[in-house]
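Heads up: the structure comes next, in structure tokens.
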Amino acid sequence: MNHILIVEDEEHLANGLKLNLEAEGFVVEVEENGQVALNRLTAASSEFDVVLLDVMLPGLDGFEVVRHLREARQFVPVMLLTARAHTDDILRGFEAGADDYLPKPFDLSILLARLSGLLRRRMWLRESGDADGEDEFDEFHFADKRIDFCRQVLYWDGGEQPLTLMEATLLRYLVRHAGSTVSRKALLEKVWGVREDTDTRTVDNFVARLRRYIEAEAARPRHLLTVRGVGYRFVAELDTQG
Ligand code: CA
């Protein structure tokens, strides 16, 4: 049973969502204040599987809540509810560490589809092996790094970097397609599940972030390469011919 925290100060909207999600079998709690929600989510006892987070909130706004969550190394999946489908809000949300967004107003069916997408991605990362007990992508080693996709952590000698759900999902997709060029549009569709024409800067921002984690010099990437005019290519082995 999935446990959802709705952070929304419009009472009728929050209560309507709660009733509808409870009818779908979710366990739902509501907070209306950003700071109070942040305190609950960073408490050691927090057991939420997913957070629906409005942007405009009393206390702290949604961007701040998700940013503080990630700083506190709390990586629960967060879906941001944006008032308008403004590209800037979407980008800002992803930058802060949100995993998905939904412009208001939305249909319940769309919300349910996106929620199950988020929860599925989380399961996909967490599952320890598939039916035959082997999944070569539970862990991946390259250069001096090790990625543990189940724990969503990147390790290297003497350090580690926890990854958000979207960072881990993007990295896993790139690793699965190592050696191939993948387009920004394909990444938006396959990793973010975004079908509409969204600004592909979202992808670029995440790639820039991953490079800071995995490259010796983020400005001179050797693993996560830009393929001009198309997209990106991940290479595990360094090209010794330069
Ligand atoms: Ca609000």
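Please treat every number below as a calculation from the coordinates, not as lab data. Values in this document were obtained by computation on a predicted structure and should not be read as measured data. Reconstructed Cβ throughout: ideal geometry from the backbone, glycine too, with neighbour counts over all protein chains shown.
Quick one: net charge around Phe26, please, counting Lys, Arg +1 and Asp, Glu -1 for every other residue with C-beta under 11 Å from its C-beta.
-3
Which one of Leu13, Val76, Leu224 is farthest out on the positive end of the charge dipole of the chain, using unit charges on Cβ (Lys, Arg +1; Asp, Glu -1) and the Cα centre as origin?
Farthest towards the positive pole: Leu224.
Which angle between 0 and 90 degrees, to the nearest 10, do you get for helix 11-23 versus the longest principal axis of the chain when only C-alpha atoms count?
70
Would you kindly compute the Cα radius of gyration of the chain and its largest Cα-Cα separation (Dmax), both in Å?
18.3, 62
What number comes out for the charge environment of His3, summing +1 per Lys or Arg and -1 per Asp or Glu over other residues with Cβ under 12 Å away? Display every interim value, and only then the final one.
Details: positive: Arg40; negative: Glu22, Glu29, Glu47, Asp49.
Net charge in that neighbourhood comes out at -3.
Hey, any idea what the orientation-averaged projected area of the convex hull of the range 19-89's Cα atoms comes to, in nm²?
5.2
Between the helical axis of 201-214 and the dominant principal axis of the chain, each derived from Cα atoms, what acute angle in degrees is found, rounded to the nearest 10?
Taking the Cα atoms of the chain, the angle to 201-214 is about 60 degrees.
Calculate one ³J(HN,Hα) per residue across the range 53-59 by plugging θ = phi - 60° into the Karplus curve 6.51 cos²θ - 1.76 cosθ + 1.60, and present them in order as whole Hz with x for glycine and proline.
10, 6, 7, 8, 9, x, x
Could you tell me how many degrees, from 0 to 90 and to the nearest 10, lie between the Cα long axis of helix 62-71 and the main elongation axis, the longest principal axis, of the Cα atoms of the chain?
50
Three principal axis extents, largest first, for the C-alpha atoms of the range 3-126, in Å?
33, 32, 26
Determine which lysines satisfy two conditions relative to Lys104: a Cα distance under 28 Å, and not lying fewer than 8 residues away in the same chain.
Lys18, Lys185, Lys190
Which translational diffusion coefficient, to the nearest whole µm²/s, is obtained for the range 5-60 from the Stokes-Einstein equation, given a Kirkwood hydrodynamic radius over C-alpha pairs, 20 °C and 1.002 mPa s?
After rounding, the answer is 187 µm²/s.
Report, please, the projected area of the range 139-234 averaged over directions, based on the convex hull of its C-alpha atoms, in nm².
Hull-based average projected area comes out at 5.9 nm².
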